[in-house]
Amino acid sequence: MIINVPYSGNYQINDQRDQDMAERTCRLINDEALAFSKKLLSGHITASVFLINATRDKVLLTHHAKLGKWLQLGGHCDGIKDPFFNAHKEAYEESGLSRIDPLSNEILDIDIHPIPEHKGVPAHFHYDIRYVFEADENEPLNISSESNDLKWVPLSQLENYNDDQRLLVMRDKLSGFIARSS
């Protein structure tokens with residue numbers, strides 16, 4: 001089943017997890033005027049990108065400075081009701097790459113996850129809307145202040161960098177997503 005997530009794009013529902021995440025995210029967007037703003041302290045929409053190389057066997061990860069773990073690129077929407085745009089913007093800002101191409105404007109995954117308290121900002125939830133983009137792995141990277149490091153990681157070794165199911169689910173959805181987008 002495919003559903004349309006407001007302001008975000010179409011999302012392929014594969015299982016009960018996908019259904020739950022999509023319903024909760026749609027409810028937040030429809031019920032909260034500040035859903036796309038950090039001002040909504042209980043939780044808000046974020047956008048991220050599973051940035052793969054041209055041969056589609058590696059993903060660019062950032063070693064997140066605040067969270068101290070390897071993650072996909074992404075961030076807050078800062079009040080802009082366009083997660084696709086925000087994912088693209090964050091990918092450029094966090095990688096330093098000069099060309100990043102979307103594979104599709106469809107959503108790869110939605111994940112709602114807790115964010116711990118940090119510097120006076122209370123613990124809250126990120127309703128993360130995730131897309132797939134492609135870039136040249138040979139282009140030089142520029143590490144932003146939000147990262148400790150950037151690395152092209154073979155998809156087959158993703159668990160060695162972060163074995164959290166929230167990250168691995170994107171890899172597991174990738175081949176079906178690419179087949180639908182081609």
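Readers should treat all values here as calculations from the given coordinates under stated rules, not as data from a laboratory. Because the structure is predicted, anything quoted here is derived from the model rather than measured. Ideal geometry is used to build each Cβ from the backbone, glycine not excepted, and the neighbour counts take in all protein chains shown.
Amide hydrogen proximity for GLU134: with H placed 1.01 Å from N in the peptide plane, the residues at 5 or more positions away or on another chain lying under 5 Å are ILE52, ASP101, LEU103.
Our coupling estimate for segment 78-95, obtained by passing each phi through the Karplus curve with A = 6.51, B = -1.76, C = 1.60 and θ = phi - 60°, is 6, x, 8, 8, 8, x, 4, 4, 5, 4, 4, 4, 4, 4, 5, 4, 8, 9 Hz, Gly and Pro reported as x. Normalised by the number of residues in segment 2-181, the mean separation of alpha-carbon contacts (under 8 Å, six or more apart) gives a relative contact order of 26 percent. About its Cα centre, the chain has a charge dipole of approximately 220 debye under the convention of +1 per Lys or Arg Cβ and -1 per Asp or Glu Cβ, with nothing else charged.
Take 111-118, 163-170 and order them by the average number of nearby Cβ atoms within 10 Å per residue, most first; the result is 163-170, 111-118. The amide H of ARG56, built 1.01 Å from its N in the peptide plane, has no neighbour under 5 Å, considering only residues 5 or more places off or on other chains. Among the listed pairs LYS58/LYS81; LYS58/LYS119; LYS58/LYS89; LYS39/LYS89; LYS66/LYS89, those whose Cα-Cα separation exceeds 24 Å are LYS58/LYS81; LYS58/LYS119.
If you count the DSSP beta bridges with both ends in the chain, what percent of them are antiparallel, to the nearest 5? For the chain, the DSSP antiparallel bridge percentage is about 70.
When CYS77, CYS26 are arranged by Cβ crowding within 10 Å, least crowded first, meaning fewest neighbours, the order is CYS26, CYS77.
The H on the amide N of PHE36, modeled in the peptide plane, is under 5 Å from the matching H of ILE45, each at least 5 residues off or on a different chain. Most tightly packed first, judged by the mean number of other beta-carbon atoms within 10 Å of their residues, the peptides 124-132, 81-89 read 124-132, 81-89. Between LEU28, LEU51, LEU108, the Gaussian network model of the chain with springs among Cα atoms under 10 angstrom shows the greatest mean-square fluctuation at LEU28.
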